[in-house]
Every structure is written in structure tokens, then in C-alpha cells.
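Q: Structure incoming, see below.
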Amino acid sequence: MEKNKIWLSSPHMGGDEINYINSAFSENWIAPLGPNVNGFESDLETYLNQSKNVASLSSGTAALHLSLVMLGVKRDNLVICQSMTFSASANPIKYVGANPVFIDSETETWNMCPKALEEAIISCIDNGRKPKAVILVHLYGMPAKLNEIKAICDTHDVSLIEDAAEALGSTYKGQKCGTFSSYGVLSFNGNKIITTSGGGALVCNTKEDQQKAVFYATQARDAAPHYQHSEIGYNYRLSNICAGIGRGQMKVLDKHIALRRKMNQFYQELFKEIEGVTVFKEPNSDYFSNHWLSAILVDSSKTKNNLTREDIRLAFEDENIESRPLWKPMHLQPVFENALYFGGSVAEDLFNEGLCLPSGSNLTDEDRSRIRKVINELFK
Ligand SMILES: *Cc1c(COP(=O)(O)O)cnc(C)c1O
């Protein structure tokens with residue numbers, strides 16, 4: 001008999017979600033507005049704890065797109081973006097007709113390398129094309145080097161956008177990721193730390209900004225009794241049904257973060273004695289990761305029988321356990337082959353050696369013993 005699949009990250013309901021959905025039905029708020037949308041936004045604002053104003057949207061990708069629209073990014077502008085990320089961080093740059101400039105990672109957080117960032121900004125300015133924005137990612141929940149990156153953006157007066165799609169609940173020096181910049185982006189896709197089945201949010205600094213985002217997200221209707229438009233709009237608002245799932249999920253978010261962090265501890269233990277394999281963790285106590293996904297690096301020059309990342313992935317696959325190489329850097333993707341790139345081979349090396357492991361908050365002791373068995377047999 002086929003064993004149950006162990007997923008990298010699957011939805012984990014807390015129980016209360018269905019009650020919010022039921023009230024949407026009983027009050028007939030089956031629309032992309034209503035009490036759950038308002039309630040979810042206010043829950044997020046409270047949780048982020050920095051007097052932010054949140055617009056809930058249909059996806060994290062939509063939030064990234066609107067952040068570029070709000071910053072006035074136009075055709076043929078340059079936008080700097082972390083190379084090591086999911087394609088959704090970079091695609092919206094093309095939606096507005098701008099061009100991405102990709103930046104390598106550093107080895108401590110796997111996020112944007114401050115040195116390569118500064119080099120890129122200076123080079124673009126020297127060529128008469130100052131970048132319009134920087135898209136920074138907190139990969140797998142790990143906060144980026146926010147102090148350094150922010151200082152560089154401030155010095156050169158370039159707006160910073162934080163793609164915190166994977167990092168809800170992560171903190172840097174005690175402050176929540178997604179609250180450090182002009183705009184923060186959250187995602188509630190099915191595989192993220194909490195889900196609305198599909199959804200996202202834009203974290204704004206002012207009420208005016210939040211209202212402008214909602215304006216763009218609801219087809220940019222001017223104030224008039226008829227439908228009047230002076231700007232191009234989008235259909236990007238979150239459904240009141242989906243927001244109901246989000247309200248229930250907010251109640252278990254911190255519990256689920258604790259469980260994901262326990263999964264990371266489990267892997268720290270599991271690989272402690274295994275030569276050539278290191279588990280990704282925070283560089284120091286300034287960083288608190290939600291450990292959305294736990295990941296390992298496999299140095300096959302040091303492992304027993306020179307086992308590789310791919311050997312581990314295939315051994316898991318045989319047991320119906322999902323694992324996945326790290327994000328393939330954007331500057332190596334065929335679709336972005338003509339984009340500018342600054343840095344060395346850090347992101348590429350991470351991609352070649354890294355593997356994401358099952359990390360869900362709903363994994364059981366039985367799941368963990370199946371995972372342990374694969375590793376113990378492979379490295380025995
Ligand atoms: C998931 C994700 C997104 C996109 O979010 P969606 O809600 O799926 O559109 C953007 N950036 C990163 C880093 C992500 O992991």
C-alpha cells in the first residue's frame with residue numbers, strides 16, 4: 001500500500017475558520033468586501049504592532065504589483081530584486097514594463113547581499129538610470145540584513161519593498177518582518193504559514209496609502225454616482241469568504257510558528273552528527289525566523305559516500321515524502337536571461353546544495369519517525 005504523502009507545507013486549520021465562513025453565508029457577505037475583510041485587516045494590523053495600515057488582497061503577487069504601481073514605477077524603469085527567490089517576487093516588475101536588476105545572496109541569511117546591492121545602485125546611477133525600488137525577500141522566513149539594506153536604500157534615496165510572503169511572524173531585533181519599509185507584502189497562499197486558500201496583503205505606512213491600494217484593487221473608481229475612471233485599476237481585493245479563513249488562522253498563527261520552529265529543532269537534532277549536512281538557522285539572536293520551511297545544505301565532498309542533495313531528495317521521494325531544491329535564482333532562469341545581475345555565486349551554490357524539508361505545523365510524530373528513518377538508513 002502507498003504510504004500517506006508527507007508534504008513540505010500543507011494547510012493547517014485551527015477550527016474557528018468555518019465559523020467566520022458561516023457568518024459570511026448567513027449575513028450574505030459573499031463578496032470581496034465585508035466584515036471578515038475588515039476584521040482580518042485589523043487582526044493583521046494588531047499582530048504587526050507598528051501602527052501599520054493593511055489592505056487585504058487576492059494574492060501576494062497582487063500586493064507586489066500594487067506596491068510598484070503605488071511607487072510610480074513605469075515602463076523601462078529599473079527595479080532591484082533579490083535573485084534567490086520565488087518568481088512571484090520578480091514577475092510584477094515586468095507587469096509594469098520595468099526591468100529587474102538581480103542581486104546575489106549573502107551566506108548568513110541567504111537574502112540580499114548588501115555589498116552587491118550597493119554596487120548595483122551605484123552602477124545604475126552612474127549609467128544615468130537610478131533604480132526606482134528595491135525588492136528585498138525574507139526567504140523561508142529568515143529576516144534579511146535589514147539594518148544594512150535599509151541604510152543603503154536611505155543613503156541613495158531608493159524605496160524599499162519587503163517581500164515578507166514567507167515571513168509572517170518573523171522578527172528582526174524584535175520588530176515584525178514586513179513593517180520596516182515603504183511597503184510590506186504578505187501571502188496567504190495554500191502552502192504559506194497561514195492560508196486563506198489564496199490571498200495576500202499590502203502593509204502600508206499610512207491610512208491614505210492603504211486607501212489608495214484599495215482604490216487600485218477595486219478598479220480605480222473615482223468618486224461619482226456612475227462609473228468614472230481617471231486611472232487604470234485592478235480586481236485585486238480579497239473575498240470576504242477567504243478573509244474568514246484568515247481570521248480563524250490568525251488565532252493559531254503564533255502556535256503554528258512555534259510548531260514550525262520545533263520542526264527546525266527536530267532537523268537540528270537529526271543532522272547533528274551527520275558530516276557534510278548543515279541545517280539553516282538564525283545567525284544570531286537579532287534574527288527570529290518563523291521557519292516557514294526548514295532547509296539543509298549538503299556538501300557532498302564531506303558526506304558519507306559523497307551523498308548529494310539529489311540522493312537525499314530521491315530517498316525521500318521513494319517513501320512518498322516531499323522535499324524540494326531551494327529556489328532557483330532568477331538570474332539563472334531562462335525568462336530573465338537578459339537581466340542585469342550583481343554579485344558572485346552564493347545564490348547559485350545555495351541552489352546546487354540546498355534542500356527544503358517537510359516543515360508543516362501539522363506534522364505528526366509518525367511523520368517525523370518516517371523522515372528520521374530515511375535519513376538514518378541513508379547515512380548509517
Ligand atoms: C508565495 C510567495 C509570493 C507570492 O504570493 P502569492 O500569494 O502566491 O501570490 C511572493 N514572494 C514569495 C517569496 C513567495 O514565497
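The values are calculated or read from the model by the stated rules, or taken from the named source; none is laboratory data. Bear in mind the structure is a predicted one, so any value in this text is a computation, not a measurement. Because the Cβ atoms are built from the backbone with ideal geometry, glycine has one as well, and the counts that use them run over all protein chains shown. These accessible areas exclude ligands, DNA and RNA; they are computed on the full protein's heavy atoms, side chains included. Shrake-Rupley method; radii C 1.70, N 1.55, O 1.52, S 1.80 Å.
Q: Quick one: order K304, K281 from most to least accessible surface, probe 1.4 Å.
A: K281, K304
Q: Taking Cα pairs under 8 Å and at least six residues apart, what relative contact order does region 69-208 come out at, in percent?
A: 17 percent
Q: Assuming a viscosity of 1.567 mPa s and a temperature of 4 °C, what translational diffusion coefficient in µm² per second does Stokes-Einstein assign to the chain, Rh being the Kirkwood radius over Cα pairs?
A: Estimated diffusion coefficient is 60 µm²/s.
Q: So, one more: Average projected area of the Cα convex hull of region 169-304, in nm²?
A: 11.8 nm²
Q: Continuing with the same structure: Of N320, N290, N99, which has the largest mean-square fluctuation in a 10 Å C-alpha GNM of the chain?
A: Answer for the Gaussian network model of the chain: N320.
Q: Hey, what's region 160-271 come to in accessible area per residue, 1.4 Å probe, Å²?
A: 38 Å²
Q: Also: Using only the alpha carbons of region 27-169, what is the convex hull's orientation-averaged projected area in square nanometres?
A: Average of the hull's projected areas for region 27-169 equals 9.4 nm².
Q: Among the listed pairs K52/K255; K94/K262; K3/K192; K115/K304; K130/K192; K130/K328, give every one whose C-alpha distance is greater than 29 Å.
A: Result: K94/K262; K115/K304; K130/K192 exceed 29 Å.
Q: Let me ask you something else. Only four residue types carry charge here, +1 at the Cβ of Lys and Arg and -1 at the Cβ of Asp and Glu. Report the dipole size of region 254-379 about the Cα centre in Debye, rounded to the nearest 20.
A: Dipole magnitude for region 254-379 comes out near 300 debye.
Q: Using only DSSP helix segments of four residues or longer, with each worth -39500 (n - 2.57), what per-residue ellipticity at 222 nm results for the chain after dividing by its residue count and rounding to 500?
A: Mean residue ellipticity at 222 nm (helix-derived): -11000 deg cm²/dmol.
Q: Then there is this: Report the residue, chosen from A116, A167, A201, that carries the largest GNM mean-square fluctuation when the chain is represented by alpha-carbon nodes joined by springs under 10 Å.
A: A116
Q: Run the dipole for the chain about the Cα centre, Lys and Arg Cβ at +1, Asp and Glu Cβ at -1, nothing else charged, and hand back the magnitude in debye, nearest 20.
A: Charge dipole of the chain: 440 debye, to the nearest 20.
Q: Here's a follow-up. Rg and Dmax of region 254-379, using alpha carbons, in Å: what are they?
A: When restricted to the Cα atoms of region 254-379, Rg and Dmax are 15.6, 47 Å.
Q: With a 1.4 Å probe and every protein chain left in place, tell me how much accessible area V69 has, in Å² to the nearest 10.
A: Accessible surface of V69 is approximately 30 Å².
Q: Quick one: divide the alpha-carbon radius of gyration of region 101-204 by 2.2 N^0.38 Å and tell me what you get.
A: Region 101-204 yields a ratio of 1.09.
Q: Along the charge dipole of the chain, Cβ charges K/R +1 and D/E -1, which of T61, V277, S23 sits furthest on the positive end?
A: Projecting each Cα onto the dipole axis, the largest value belongs to S23.
Q: Using +1 at the C-beta of Lys and Arg and -1 at the C-beta of Asp and Glu, which of N338, P32, T206 has the Cα lying farthest in the positive direction of the dipole of the chain?
A: The residue sitting farthest along the positive end of the dipole is P32.
Q: Something else now. How much accessible area does Y341 have with a 1.4 Å probe, in Å² rounded to the nearest 10?
A: 60 Å²
Q: Hey, another quick one. How would E337, E41, E353 rank on accessible area, largest to smallest, probe 1.4 Å?
A: In descending accessible area the options line up as E337, E353, E41.
Q: Give me the accessible area of W327, 1.4 Å probe, in Å² rounded to the nearest 10.
A: Looks like 50 Å² after rounding.
Q: Shifting gears a bit: 5 Å is the cut-off here: which amide hydrogens, built 1.01 Å from N in the peptide plane, fall below it relative to N99, excluding neighbours closer than 5 in sequence?
A: Close amide H contacts, sequence-distant or interchain: D76, N77, L78, V79.
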